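Coordinate-derived values only; no laboratory data. Quick caveat: nothing in here was measured; it's all calculated off a predicted structure. Please note: Cβ atoms are built from the backbone with ideal geometry, for glycine as well, and neighbour counts cover all protein chains shown.
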Amino acid sequence: MRQAGGLVCGIVGVAGSIGERLGSALKKCLERLEYRGYDSAGIAVTGTGGITVRKGKGKINEVDARFNFTALDGLSGIGHTRWATHGKPSDENAHPHVDCTGEVAVVHNGIIANYRELKEQLMARGHRFISDTDTEVIAHLFEDYVKAGLPALVALRETIRRLKGSYAIALLYSHEPDKVFFARNVSPLVIGVGEGFNFLASDIPAFLNYTNRVITLHDGEYGYLTPSGIYVERNGEPVNVEDRVRVINWSPESAGKEGYPHFMLKEIHEQPRALRETWAGLDMDYVSKLGKAIAEARRVFITASGTSYHAGLILDYLLVSLAGLDAHAFNSSEYRKYIKLVKEGDILIAISQSGETIDTLMATRVFRERGAKVLAVSNVVDSTIPRESDYQLYTNAGPEIGVAATKTFTTQLMILTALAANAALHSGGMGKEAYSLVLNELEQAPDLVNTTIINVEARVRHIAGKLAVKTNAYYLSRGIGLPIAMEGALKMKEVAYVHAEAYPAGESKHGPIALVNQEFPVVFTVTDDDYLDPLEGNVMEMTARGAYTIGILPSRHYAKLGKVFTEVIQTPDASPYLLTIIQSIPLQLLAYHTAVLRGYDPDKPRNLAKTVTVE
Ligand code: G6P
């Protein structure tokens, strides 16, 4: 099983008395952070009787139903809501983690890059580990230092000195039960300043019901909270944080979206980060092993539903046209057609952001029974489809809350393009140099997507104003741009309820064009350089019927095609492999802004569910 590196998860900590049981307050705080992860949850409190830990796999409410968080109380406490990266979701891997003595409990968000090395050293010194997580080393390191006689704060400083990677940590030590120790490097951590209590959290909404006075901690800072004080150090020197207190005027609800009006917009905007994390989490040796297996497979099947299916179509396009392989993509609900074709030596690539879509799961099971190997591509570590598959590749987009998939789609494209290029390298469809160029380009994706968001949003909003009063639209393209047009149309349908239909541009003459009249919107994605002239012809055909044409095109084609459309959305230049990702951005934004202008809530489209578990 491959584990992607990543950093989401939510942590909280509280010291002092807040007029309710600490367990109840911590649970409420965690619920406000559930958007950061929800596969496991846990709480620890400490008082005069030592540390009590309650934790398990499942959503906060499910874990609470088993362990009754609300009954816990003490002088201070910590909590965690998890999004698995190292170690599958399980009771053992849920945070908080404790040391050998049970006198230390820790919650962590981030990745301890050198945890294997530290774990080996600690085990050699007799420490016993219970979980597969990177986090547990923190509790044992701290234990070692306090056992050696160091004061707790110095032990914390020495502990973090040993850590490489990213972390926001909250830690309880039973000998100093009124304190919550903390440290920050890269992963976010904020303090909530109260009267007679103080909070700590990954994000402000966690404690906004208790206090709106906030201090943002900086990298390298560590210290502790008590009911009446906050002590911060960096490299052994005290840091004065009093003048860093800010008063926040957001509602807890809007703060959960980091100030964005909807999760969909937040998730569109966080794609640079999601892509960066996905790239960082991709083990290229493993990709190469899979690429070879795909190139050597008798036949390659690709299955998925909804947005994931469109990512599957891109993979199909690349495996056929670039790698020269015998690949077939199909909607997972239609898997029965292929049953007789499946034989040993085949590979099925099952793509599902949730890892739970029932149709994709059924296809996975049937294909496996018939001897095919299955590679699952998912955003949720250890979800059902990856668990039942032979190989797993994970996008590292973090939890997606908006029902319409956005960041999980572009991160799927990133992984699948790398995989297809590798298969092409093994099949002889692509040389080493060209392969390196694709990888270099994919590495640029986060920056180019960032530029795209900045450059296109105002223009897209203007066009959304026109689309908001329409009832129909076509999305046309050719070649590798077609699945992207299909995804754009799906987004528009899903959130803005505009009937949008995608078609191969060349096919549009065979039917769809009958509907086109004055001001009929037609969106073109100009992706594939091989098709520029015929595509221009298709635009002209639409223009001749009075259509309102919108061209999404890379800047290098502006001179040739800039004038043929009614509206142009220009994106940065890139090869078609990367343009699929880049062009998805204006299409997502177009659907989002059209939905909002039409007065709909894009986060909760009617009749749709994020994860469909019925056939
Ligand atoms: C539902 C969601 C879509 C998603 C599809 C497949 O229809 O509303 O956004 O693309 O399921 O989900 P999966 O988790 O398998 O990728």
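Numerical summary
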quantity: Rounded FRET efficiency, nearest 0.05, which uses the C-beta distance separating T48 from D447 and R0 of 60 Å; calculated: 0.65
quantity: Sites K292 and D178 - FRET efficiency at Förster radius 56 Å, r taken between beta-carbons, to 0.05; calculated: 0.45
quantity: Shape of region 10-252, Cα gyration tensor, a/c cut at 1.5; calculated: rounded
quantity: Sorted by Cβ density within 10 Å, fewest first, the residues T48, T527, T384; calculated: T48, T384, T527
quantity: Computed helical MRE - 222 nm, the chain, DSSP H runs ≥ 4 contributing -39500 (n - 2.57), nearest 500; calculated: -11500 deg cm²/dmol
quantity: Debye, to nearest 20: dipole size of region 263-597, +1 on Lys, Arg Cβ, -1 on Asp, Glu Cβ; calculated: 480
quantity: Cα gyration tensor shape of region 327-465, rounded if a/c is under 1.5, else prolate or oblate by comparing a/b with b/c; calculated: oblate
quantity: Those aspartates and glutamates that a straight Cα-Cα span of less than 12 Å connects to K493, excepting residues fewer than 8 apart in one chain; calculated: E501
quantity: Order of C100, C29 under a 10 Å beta carbon neighbour criterion, fewest first; calculated: C100, C29
quantity: Distance in nm between pseudo-label sites at E344 and A434 (7 Å out along the Cβ direction from Cα); calculated: 3.5
quantity: Length-normalised contact order of region 58-187 in % [C-alpha pairs under 8 Å, at least 6 apart]; calculated: 28
quantity: Where trypsin sites (Lys or Arg not before Pro) fall in DSSP loop in region 160-213, at most 15 other Cβ within 10 Å; calculated: K164
quantity: Rg in Å to one decimal, and Dmax rounded to a whole Å, for the chain via C-alpha atoms; calculated: 25.9, 84
quantity: Hypothetical label at K164: residues of region 113-132 whose amide nitrogen lies under 15 Å (7 Å Cα-Cβ projection); calculated: 113-121
quantity: Within region 174-202: backbone nitrogen closer than 12 Å to the R213 label point (7 Å, Cα to C-beta); calculated: 192-199
quantity: Estimated FRET transfer efficiency (R387, T471; beta-carbon r; R0 60 Å; 0.05); calculated: 0.90
quantity: Axial C-alpha extent at least 27 Å, average Kyte-Doolittle at least -1.0 - helices from the chain (DSSP); calculated: 407-427, 432-467, 576-597
